[in-house]
Amino acid sequence: MAFEYEKYLRMDKIPHLWCPGCGIGIVLKAMLRSVENVGWDKNDISFVSGIGCTSRAPGYIDCNTLHTTHGRALSFATGVKLAKPDKNLVVFSGDGDATAIGGNHFIHACRRNIDMTLVVVNNNVYGMTGGQHSPTTPIGYKTNTTIYGNIDPTFDICLLAKAAGASYVARATVNKGRVLEKYITKGFQNKGFSVIVATANCHTQFGRKNKMSDPISSRKWIESREIPLEKARTMKAAELKDKVITGEFTTDEAETTFWENYNSPVHEYTEAYAKIIEKVQEK
Amino acid sequence: MKKSARFYSGAELVAKAAIDAGCRFYGGYPITPSSEIAEFMSVMLPKVGGTYVQMEDEIAAMGTIIGASLAGVKSLTATSGPGFSLKQENIGYAYMAEVPCVICNVMRGGPSTGLPTALAQADIMQAKWGTHGDHPVIALTPAYLEEIYELTIKAFNFSEIYRIPVMLMLDEVIAHLSAAINLPEKESLVIKDRRKPSVPPEKYFPYDTAYGDVPPMANFFEGYRYHVTGLSHDKTGFPTTDPELVQADQERHLRKVNWKKNEIVDYEYYLMKDAEIVIFAYGSTARAARVAVDNARKSGIKVGMMRFRVIWPLPEAEILKLCGRAKAIIVPEMNMGQLSDVIERYAADRTKIIRINHVGGVPIHPTDIHNKIREAL
Ligand SMILES: Cc1ncc(C[n+]2csc(CCOP(=O)(O)OP(=O)(O)O)c2C)c(N)n1
Ligand code: SF4
Ligand SMILES: [Mg+2]
């Protein structure tokens, strides 16, 4: 049976403002199917976003939706969550929103391991402002501000999230909507801070400057760069240059390094705070 | 003094009043001279089941209090100059989305890191124009400990009544004062809460002006499932660029405060009946001004003071009247003339404006004011 997206969408707000073929739509669909998978009541969910093409998503979702300022979505969401710890918080951010202007909030939300899910749509560019480079624009690629080829090094958002303390981290591309759905669902189920990076196409801004101005060629480019984590583990670091590792960035026994053990999350934040309240009130 | 009197600092009173006003959330980032407020809140909030969080910066702190308030929990943040600057973009968001909250700014010397531990009244204009765009402003300037308690509660009430962020502007001296005082009985307090929608979710619009200039506010998770944005929006809460709607909405925002000015402006006259020389003052400088007035009166000088407990909005009509009547107006301020500039516009050359502007971090002494009173004669 076809999935009833209408159940979760504000149909009167459709058509949406995204370009035809934009990757964001696939991520939104994966996210809505994930809501169905975990069975959350729409009244108990708040979708929060910053500013950007990606961040327009909450406007289309029939929940408590909060479209905030550029980069700050996680801080608004933290306030909502701390006020109502039993509710479900989902944050939707672009790569610029989450890791440039919002980079500080990003690492601190990971560190706090506060129970919410952040979905980052990484299209390697500032889509909404017309195609300037972002902290994830690959070296050598062109954007409106790197017309001679980008020299600004990139973040790997998943590694950043893990190092900062997020308790569930995964990445999939928009070429694999079902995988994305699986990861987002797991993120929702994780009691702690989850980061799911969706590698997506912005053919309009990023593609246009790099000889892939239609959705198909942009997604082929994404496909050509994707290396599943299992395979990546068998490869040399040099071979992984300019590749995008996908999968769940969990650390199984064999993989767990000294530093990851040393740096693993200690607790979920709202649970820890509830214990403080309990302790103080006992006195 | 009643037996129940106990020692309070200004900072503790902000925290206590906030909690008595129903505040159950504090998001902050430490900065001198406001940090004690955060410390008190971190101790007091868990006792009443509330939440304290220390964020990574003031931008985030401001974001958390907007989020918490949308979820139905009255919220406070406190900061000082540089932190107040960082909060400004999100303060603008709170104006635009009409989210009640209180921002306490314990003013210090600026610009930039300036004088971290010294007294100033440097942010009177930042409180009014700190964020971009037009918006209504309510800013309170207590001068006494009892008044900190009273005006902090008022700040929360204003924020809930008008759905706006309210600025509680202390200066370093006021925040760090400590004395034994009596607080009003809990039962005597008037506590206001945001007006909730009276219609079911299908009929609810978050910015519905059918109920007046301040739309009823549903909290998140109460079944209303609406949209909140910092973009210009229509009554449904969704973005619009319709020039007429945007214009009308901005005018409504200003009207929320302008039309209720009489219920918001708050000032005190001190020995004003026969005053020929008038001092306009607020915050700790008003305490010095009061001593100066007393001293000058002893030598028979007809001087009085108008003290602003609420600095924005100002009581325009009264100020205009005084500007027409006074022989001279003295405005002592711990900044380079942020209020004096405004008063000068009201005076429009009808009377002499004498400024006292200290920005070196030491209080204005009653003698400094007394000298100017003599000069005015
Ligand atoms: C404080 C502030 N600075 C800059 C902007 C302009 N701005 C809006 S969206 C954006 C970048 C969006 O890029 P990204 O987060 O990657 O989202 P995308 O549009 O690609 O989905 C910028 C720089 C802004 N709105 N606010
Ligand atoms: S500009 Fe790019 S990110 Fe924005 S809607 Fe178009 S394709 Fe999508
Ligand atoms: Mg982007």
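Worth a mention:
- One equal scatterer on each Cα of segment B:201-262, no solvent, Debye formula: the resulting log10 I(q)/I(0) at q = 0.18, 0.21, 0.22 Å⁻¹ is -0.68, -0.89, -0.95.
- Under the simplified labelling scheme, the B:Thr240-A:His16 pair shows an inter-label distance of 2.4 nm, with each label point 7 Å from Cα along Cα→Cβ.
- Cross-link pairs beyond the 20 Å C-alpha cut-off, checked among A:Lys87/B:Lys74; A:Lys275/B:Lys47; B:Lys16/B:Lys192; A:Lys84/B:Lys128; A:Lys42/A:Lys87: A:Lys84/B:Lys128
- Gyration tensor (alpha-carbon) shape descriptor, chain B, a/c threshold 1.5: prolate
- Counting every other Cβ atom within 10 Å of each residue's Cβ, B:Val106, A:Val244 order from fewest to most as A:Val244, B:Val106.
- Database remark: amide H of B:Ala118 closer than 5 angstrom to the amide H of B:Gly109 (H placed geometrically; neighbours at sequence offset of 5 or more, or on other chains; Pro and chain starts carry no H).
- Placing dummy labels 7 Å off each Cα toward the beta-carbon, the span from A:Lys211 to A:Lys231 is 2.3 nm.
- If you wrap the Cα atoms of the protein assembly as shown in a convex hull and average its projected area over all directions, you get 33.7 nm².
- Computed extension length for B:Asp341-B:Leu254: 29.1 nm, one decimal, from 0.36 nm per residue of separation with the Cα-Cα distance subtracted.
- Kirkwood Rh and Cα Rg combined as Rg over Rh, evaluated for segment B:124-278: 1.04
- Cross-link pairs beyond the 23 Å C-alpha cut-off, checked among A:Lys81/B:Lys196; B:Lys154/B:Lys186; A:Lys81/A:Lys176: A:Lys81/A:Lys176
- Chain A: C-alpha pair distances exceeding 30 Å, %: 27
- Average beta-carbon neighbours from other chains, 10 Å sphere, peptide B:73-84: 1
- Point-charge dipole on Cβ atoms (K/R +1, D/E -1) for chain A, about Cα centre, debye to 20: 560
- Set of lysines with alpha-carbon distance to A:Lys142 below 20 Å, sequence-local pairs under 8 removed: A:Lys209, A:Lys211, A:Lys220, A:Lys241, A:Lys243
- Computed [θ] at 222 nm, deg cm²/dmol, the protein assembly as shown (DSSP H ≥ 4; -39,500 (n - 2.57); rounded to nearest 500): -11000 deg cm²/dmol
- Förster radius 35 Å - calculated FRET efficiency between A:Asp152 and B:Ser112, Cβ distance, rounded to 0.05: 0.80
- Computing FRET efficiency as 1/(1 + (r/R0)^6) for B:Leu271 and B:His132, where r is the C-beta to C-beta distance and R0 is 35 Å, gives about 0.25.
- Distance between the pseudo-spin-label points of B:Asn371 and B:Glu185 (7 Å out from Cα toward the beta carbon): 5.0 nm.
- When the protein assembly as shown is described by a simple charge dipole with +1 on each Lys and Arg Cβ and -1 on each Asp and Glu Cβ, the residue from B:Phe221, B:Cys323, B:Tyr29 located farthest towards its positive end is B:Cys323.
- Each of B:Lys154, B:Lys256 was scored by other Cβ atoms within 10 Å of its Cβ. Arranged with the fewest first, they read B:Lys256, B:Lys154.
- Charge dipole magnitude, Cβ of K and R +1, D and E -1 - the protein assembly as shown, Cα centre, debye nearest 20: 420
Throughout, read-outs are computed from the coordinates displayed, never taken from laboratory work. Not measured: the values here are computed from a predicted model. Reconstructed Cβ throughout: ideal geometry from the backbone, glycine too, with neighbour counts over all protein chains shown.
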